[in-house]
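**Student:** Encoded as structure tokens, here's the structure I'll be asking about.
The values are calculated or read from the model by the stated rules, or taken from the named source; none is laboratory data. Fair warning: this is a prediction, and the values are worked out from it, not measured in the lab. Note that we place each Cβ from the backbone using ideal geometry, even for glycine, and neighbour counts take in every protein chain shown.
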2 protein chains.
Amino acid sequence: MRFTSGQRLDGDVLEREFTLGEIPGTLWTPASAPAPLILMAHNNGLPKRAPRLVARARQSAAYGYAVATIDAAGCGDRPRTAADGQARAELRRALGAGEPVDDIFESLVGPLVENAVPEWRATLDALLALPEIGGPVGYSGWTALGIRLAVVEPRIQAAGFFAGGYVPRARREEARMVTIPLLLLLQWDDEGNPRERALDLFDAFGSKEKTLHANVGGHTGTPWFEVEDGNRFFDRHLK
Amino acid sequence: MRFTSGQRLDGDVLEREFTLGEIPGTLWTPASAPAPLILMAHNNGLPKRAPRLVARARQSAAYGYAVATIDAAGCGDRPRTAADGQARAELRRALGAGEPVDDIFESLVGPLVENAVPEWRATLDALLALPEIGGPVGYSGWTALGIRLAVVEPRIQAAGFFAGGYVPRARREEARMVTIPLLLLLQWDDEGNPRERALDLFDAFGSKEKTLHANVGGHTGTPWFEVEDGNRFFDRHLK
């Protein structure tokens, strides 16, 4: 893990860009060390530098968590293959034409998740080797990846998922194997993500402690207080 | 409003029993005055002195809210008519026999709500005349009554509803007229209250700011952290 730049922010948070092999990442650390860690995975419809993702990470770091994120292959700051570009163009075309998009999402998101898993685990290894990060470890954001990681990665002890993204069939079928405490965040009127699927997914999780927070509004309308609720959720399980 | 007894509790909370005409009530006030007020209405399947209701009220009072509750006619500490007893016996019989109970609930809960509305409004008048209570006013608990009060009582500025109770058809039809900020609390596996109805009700409310918190477990399994989440919800709207 190589740090390539850094800046000190309000609330005594240190924000650093890093690379781990080909993987570009960002790490936010609070003044208090060693800190518990939140892996903040976005679903890669946005780059990791998207302002609302960065704002969320900075808030949780100022609150006392180390927060780390990376871009997946073909996303954000990483080079795209011709196939990546073609799949995304086909998705945009189908969405624009109002055609069914499940099969396109399966072929796009399925491999994206599978390829992201070893990268996140390698990143977790590197992060936990830093003296300023102590654990325990929580996970926040991208549901499809989070399900897979929660199943294979015993170091993750609690997870907050955002329901606004396509979850491949193989991951939905794994939901019952997720048993860590969960907070699922749903935007009630999310245009591109059917509400029923999110409710079915919530129902399917195997966790004995699981909570759904649904707020009125579209995909990007999550109210800011949910960041604070998320911090308190992690406090209950990581502190 | 006549105070009939009182005791000082941990957290410097004063707990007092009162009567207002025939209505028996309990008022919890925090050390800081004048305090904002939460009307904590239970759905009268339990008396107001039920330990988990009292614990919730005490916690919110220690947190800084004045909290008041009353028993509805025929419930808790109030005398029952022969008709009350008959309706409840019929309900128990039908539940035990696994028969449909909607019509019984309509005839039982419909009038209970209609009769409770003027009592709660008179109680609110009396409470706001006390120097230790300043307002603004929130509402917590019994959904069916809360819908009606939110429609007719402009002094109520935010409401937390518990979905675990029968909501008469007339009140469900009024849900779209509720426009104050709402937090709806749902127990995902509540044996006696169909989940779909609660989700439909959440969908129907007219509020621009509405949040659903659903937790795994049965009717009485609401986790304690929801009391704290409720306090913070009221902080956003009453402070």
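**Student:** For the range A:1-55, name all the residues that are basic (Lys, Arg), more than 15 Å from the chain's Cα centre (by Cα) and surrounded by 19 or more Cβ atoms within 10 Å (Cβ to Cβ).
**Tutor:** Result: no residue meets the conditions.
**Student:** So, A:ARG121, is that one at pLDDT below 95 and out of contact with any helix residue (DSSP H, G or I) (no Cβ under 7 Å at 6 or more places or on another chain) or not?
**Tutor:** no
**Student:** May I pose another question? Give A:GLY64, A:GLY74, A:GLY146 a once-over and let me know the one that is at positive phi and touching a strand residue (DSSP E or B) at 6+ places or on another chain (Cβ under 8 Å). Reasoning before the result, please.
**Tutor:** Details: A:GLY74 fails: touching a strand residue (DSSP E or B) at 6+ places or on another chain (Cβ under 8 Å); A:GLY146 fails: at positive phi.
None of the others qualify; the one that does is A:GLY64.
**Student:** Working carefully through the options A:ALA214, A:ALA175, A:ALA170, A:ALA198, find the one that is assigned to a strand (DSSP E or B) and over 15 Å from the mean Cα position of the chain (by Cα).
**Tutor:** A:ALA214
**Student:** Out of all the residues in the range A:191-205, which are farther than 15 Å from B:ALA214 by Cα and either modelled with pLDDT under 95 or within 12 Å of chain B (Cβ to nearest Cβ) (or both)?
**Tutor:** Passing the criteria: A:GLU191, A:GLY192, A:ASN193, A:PRO194.
**Student:** Here is a follow-up. Within the range A:220-239, which residues are more than 9 Å from every other protein chain (Cβ to nearest Cβ), assigned to a loop (DSSP other than H, G, I, E, B) and free of Cβ contacts under 8 Å to residues at least 40 places away in the same chain? Let's see the steps before the verdict.
**Tutor:** In the first step, residues of the range A:220-239 are kept if they are more than 9 Å from every other protein chain (Cβ to nearest Cβ); the result is A:220-222, A:224, A:227, A:230-231, A:234-235, A:237-239.
Filter once more, keeping what is assigned to a loop (DSSP other than H, G, I, E, B): A:220-222, A:224, A:239.
The answer is A:GLY221, A:TRP224.
**Student:** Still on this structure, I have one more. Name the single residue, out of those in the range B:178-190 being closer than 15 Å to A:LEU212 by Cα and surrounded by fewer than 20 Cβ atoms within 10 Å (Cβ to Cβ), that is farthest from the other protein chains (Cβ to nearest Cβ).
**Tutor:** It comes out as B:ASP189.
**Student:** Now, a different point. B:THR211 fails exactly one of the following numbered conditions: (1) under 29 Å from B:SER107 (Cβ atoms); (2) buried (at least 22 other Cβ atoms within 10 Å of the Cβ); (3) within 10 Å of chain A (Cβ to nearest Cβ). What is the number of that condition?
**Tutor:** If we test B:THR211 against (1) under 29 Å from B:SER107 (Cβ atoms); (2) buried (at least 22 other Cβ atoms within 10 Å of the Cβ); (3) within 10 Å of chain A (Cβ to nearest Cβ), just (1) comes out false.
**Student:** For the range A:14-28, what are the residues that are touching a residue at least 60 places away in the same chain (Cβ under 8 Å) and touching a strand residue (DSSP E or B) at 6+ places or on another chain (Cβ under 7 Å)?
**Tutor:** A:ILE23, A:GLY25, A:LEU27
**Student:** A:LEU112 - would you say it is among the hydrophobic types (A, V, I, L, M, F, W, C), more than 25 Å from A:GLY230 (Cα to Cα) and surrounded by 21 or more Cβ atoms within 10 Å (Cβ to Cβ)?
**Tutor:** Yes, satisfied.
**Student:** Quick one: in the range A:4-13, of everything that is assigned to a strand (DSSP E or B) and in contact (Cβ under 8 Å) with a residue 40 or more places away in the chain, which residue is farthest from A:ALA116 (Cα to Cα)?
**Tutor:** Here the answer is A:LEU9.
**Student:** Right, something else. Pick from the range A:138-177 the residues that are surrounded by fewer than 19 Cβ atoms within 10 Å (Cβ to Cβ) and under 21 Å from A:ARG232 (Cα atoms): which of them is farthest from the other protein chains (Cβ to nearest Cβ)?
**Tutor:** A:ARG155
**Student:** Let me ask you something else. Kindly indicate whether any position in the range B:72-86 is touching a residue at least 24 places away in the same chain (Cβ under 8 Å) and closer than 21 Å to B:ALA150 by Cα.
**Tutor:** The first filter runs over the range B:72-86 and keeps only residues touching a residue at least 24 places away in the same chain (Cβ under 8 Å), leaving B:72-78.
Those still in the list that are closer than 21 Å to B:ALA150 by Cα too: B:72-73.
Within the range B:72-86 (the criterion being touching a residue at least 24 places away in the same chain (Cβ under 8 Å) and closer than 21 Å to B:ALA150 by Cα), the answer is yes, since at least one residue qualifies.
**Student:** In addition: Which residue, of B:GLY98, B:GLY135, is outside any helix (DSSP H, G or I), surrounded by 14 or more Cβ atoms within 10 Å (Cβ to Cβ) and either modelled with pLDDT under 95 or out of contact with any helix residue (DSSP H, G or I) (no Cβ under 9 Å at 6 or more places or on another chain) (or both)?
**Tutor:** When all the criteria are applied, what remains is B:GLY135.
**Student:** Tell me which of these A:GLY217 doesn't satisfy, since it passes every other one: (1) within 11 Å of chain B (Cβ to nearest Cβ); (2) at negative phi.
**Tutor:** A:GLY217 satisfies every listed condition except (2).
**Student:** If I ask for residues that are closer than 27 Å to A:LYS239 by Cα and assigned to a helix (DSSP H, G or I), which ones from the range A:41-94 would you list? Can you show your working first?
**Tutor:** Taking the range A:41-94 first, the residues closer than 27 Å to A:LYS239 by Cα are A:41-43, A:48, A:52-70.
Across the range A:41-94, the qualifying residues are A:ARG52, A:LEU53, A:VAL54, A:ALA55, A:ARG56, A:ALA57, A:ARG58, A:GLN59, A:SER60, A:ALA61, A:ALA62, A:TYR63.
**Student:** Restricting to the range A:18-40, name every residue that is in contact with a Gly (Cβ under 7 Å, 6 or more places away or on another chain), part of a strand (DSSP E or B) and farther than 28 Å from A:GLY110 by Cβ.
**Tutor:** Matches in the range A:18-40: A:ALA35, A:PRO36.
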